[in-house]
């Protein structure tokens, strides 16, 4: 009987307890990132040990006793929030919360816990706690500053600038050959036969999680490095579901002012064209594209979408899928002076140039991230980019020996299409508590085509009251076809071993051992068809805007012109083969409570072979170098206190010549001709850095740095002492150096933290540098077959600007009840005078004059789903100007305005 009573009592107690349980559940999101779900956030009942952590979808569930409780919502690096909840017995309540990075301090931050590297706050935390010296710029900052591509993104970083009209960047005064580009740590091939790096403006910021810029070398990076390495980290979707559509329109004020905006016929306006070599081009006139320009309406736009979805697989597995696709196009127009002059100021070529341009970019990316369990994750990334550039150039003016009465006219129509495909497979594995394994492999292909570039040269004859075709050389009128295909296979694998556990449970040291390999193959061919005008047709009047009336099959049959090419239909070619095997190790060790060292060395075996058959060497020839490089490096970090760091770095690296620079190949432009140099060889670089950082609050930083680089056998583009003023690539001296200082500050001017939050923030960075190199004409004559006469024996590095500055001011206003917000940013960038080319034959240097640009960016959210954005770029519309600094006076050789770019966009998120 006693047993039965005891059983009944226990049963009633259990039922009573079950009925008294209450449940609180909900979703925690990231307020700063469009309310993306926030995994691993915590919800705690204040004053108790009752707590829960959100899952990968940001969901949580808490079991509590009936009554009134204070819930604390928190995530590392974010501002905690509290909410008082009263709940009845057996009741279930839903409490959702959106957290913001707010104004918390950066103390006690563990880097492994930072989840979203899109955010400025998260990236600053990583920068503070990391031993390596680097800078990152995330998707949140890119959006705030209205940046649309990776080229514009990196120019917001201290000491980095972009060459006008291109996607090429300069890091600390050092240009393309001294820098490198990667995606998720794996290298990317170039889209330009004359460049080492891919044009960063091909990468839309829609695919970017953040961009990491290493200006200080570490052994994980390939040793062909002196300026910096730009690593594009692709988006990795986190959350339950996303679908977003964006539409926009864009105009250029210069372009829309043109009543007659004209481009060449033939290229597809979507950026996809197929203009193969014509059938029997030496025996007939069978070119597909017309020489008659056509009028366009210069209004562009963009459309893109993003979609993401996550799925649970088993108890611990998680598959996240993300895709984005977009198309953008735009028109631009410029008009101004373009000329070359002698040391005495006499005109060699002098034009008023008009340039009509049309550009497209199609981007598609797919990412699949499979988290097998918390210790193992595999990612697959696929990226496809198709970009096209259609340019119609018109040059009117002086041409020596042909049109010396300023009556010359040259039209060049250029269409370039680049197709980039990137495939990457990456994995991260926690083998034990002390051992991590990371690996990645990629296969990339770039195809760059310049199909049917056209050029026609004419001169106006007053007696004929019209134009006749130029006949100085057979190349005055031609059509040109160029193709480049580059395949690259790359692999990285590394293992981290943590050792020496301290009293607080952290690791005192970490040893990293790794291997990197890259294997690149390039095939390049080009063929040019020159039109030799018959003697009896030299005075035939032609219409520059209807050259089809002269260049046609009937005229060819009647002998009005002949078609010629180098070695018949045999194209000029060069091929490049490069293999790099590298092994490296890094030892990170905490020497004391405040001092941490990172010591490493990288060993590389570098093989490069170039073969060519060109008009300068019809028989075909090749050259090869095979060398070993040992590249030591050291970084020291001293924590002055919990908010300040002092860092030092030193390393040795090298700079490789590029394939085309070593191939005896000729590339002709309207105003210059470039030819390769088989005798070119690598430079050696020694680098040193010193930096102080102060992190006053979350989102704030003040830093000051100094750097120096010493370069042996630097490489430059130099005009040769020849009748045609060809340009080549030469080791122009024994030594050169770069020294400079950098400053950065990001500061919240004021912040009103209420239900309707307001914030005003400001940012400023600047770098000042001096570059110098020895210039030795005799050294060049001894080492090569080329003859040069440099104007000076010492000068700056080409591309270097002494002073670079960026400044921005951002105002944010949020209305919590309506889920609406407004963000307005003014961004200004300035570059001082920049050396474009070194002077030769007593001519002065070519110098790009100082320029500043101002942008305005406005982003609004009208409600939870709908947003309207407006951007005005280059508001001040300053004149772009290049001068030749001759002894007697500076002569303007290039001058134009770009116009203002206006963009209006609509975004809808489902």
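The values are calculated or read from the model by the stated rules, or taken from the named source; none is laboratory data. Being a predicted model, the structure only gives us computed values, none of them experimental. As a convention, Cβ positions derive from the backbone with ideal geometry for all residues, glycine included, and neighbour counts pool all protein chains shown.
Of all residues in the stretch 758-797 being closer than 30 Å to residue 156 by Cβ and surrounded by fewer than 18 Cβ atoms within 10 Å (Cβ to Cβ), which is modelled with the lowest pLDDT? So that I can check it myself, show each step before the final result.
Taking the stretch 758-797 and keeping what is closer than 30 Å to residue 156 by Cβ, we get 758-773, 795-797.
Applying the additional criterion that residues be surrounded by fewer than 18 Cβ atoms within 10 Å (Cβ to Cβ) yields 758, 760, 762, 764, 766, 768, 770, 772.
Values: 758: 87, 760: 91, 762: 91, 764: 92, 766: 91, 768: 92, 770: 92, 772: 93.
The residue in question is 758.
Can you find a residue that is outside any strand (DSSP E or B) and out of contact with any helix residue (DSSP H, G or I) (no Cβ under 7 Å at 6 or more places or on another chain) anywhere in the stretch 480-502? Within the stretch 480-502 (the criterion being outside any strand (DSSP E or B) and out of contact with any helix residue (DSSP H, G or I) (no Cβ under 7 Å at 6 or more places or on another chain)), the answer is yes, since at least one residue qualifies. For the stretch 235-272, give me the residue count where each residue is modelled with pLDDT of 85 or more and touching a helix residue (DSSP H, G or I) at 6+ places or on another chain (Cβ under 9 Å). Result for the stretch 235-272: 2.
Please go through the stretch 591-640 and pick out each residue that is in a loop (DSSP other than H, G, I, E, B) and closer than 23 Å to residue 527 by Cα.
So the first thing to find is which residues in the stretch 591-640 are in a loop (DSSP other than H, G, I, E, B), and the list is 591-594, 615-616.
Correct list: 615, 616.
Going through (1) surrounded by fewer than 22 Cβ atoms within 10 Å (Cβ to Cβ); (2) at pLDDT 90 or above; (3) under 19 Å from residue 682 (Cα atoms) one by one, residue 625 falls short only on (2).
Number of residues in the stretch 749-787 that are outside any strand (DSSP E or B), over 13 Å from residue 731 (Cα atoms) and without any contact (Cβ under 8 Å) to a residue 24 or more places away in the chain: the value is 1.
For the stretch 801-820, residues that are surrounded by fewer than 19 Cβ atoms within 10 Å (Cβ to Cβ) and more than 30 Å from residue 850 (Cβ to Cβ) total 8. Just so you know, in the stretch 416-435 the residues that are at pLDDT below 95 and surrounded by 18 or more Cβ atoms within 10 Å (Cβ to Cβ) include one that is nearest to residue 543 (Cα to Cα), and it is 416.
Mind counting the residues in the stretch 63-86 that are within 29 Å of residue 757 (Cα to Cα) and modelled with pLDDT of 80 or more?
Total satisfying the criteria: 13.
Counting only strands (runs of 3 or more DSSP E) that sit wholly inside the stretch 829-910, those with at least 1 residues that are farther than 30 Å from residue 768 by Cα are 851-861, 866-873, 901-909. For residue 169, the criteria (1) modelled with pLDDT of 75 or more; (2) at positive phi hold in every case but one, which is (2).
Got at least one residue in the stretch 543-555 being out of contact with any helix residue (DSSP H, G or I) (no Cβ under 6 Å at 6 or more places or on another chain), at pLDDT 95 or above and part of a strand (DSSP E or B)? Checked against the condition, which is being out of contact with any helix residue (DSSP H, G or I) (no Cβ under 6 Å at 6 or more places or on another chain), at pLDDT 95 or above and part of a strand (DSSP E or B), the stretch 543-555 yields no hits at all. For the stretch 390-405, the set of residues classified as under 9 Å from residue 350 (Cβ atoms) and crowded, with 22+ Cβ neighbours inside 10 Å consists of 399 only. Among the residues of the stretch 462-484, which ones are crowded, with 20+ Cβ neighbours inside 10 Å and over 16 Å from residue 572 (Cα atoms)? Passing the criteria: 467, 469, 470, 476, 477.
Within the stretch 636-651, the set of residues being within 27 Å of the chain's Cα centre (by Cα) and surrounded by fewer than 18 Cβ atoms within 10 Å (Cβ to Cβ) comprises 648, 650.
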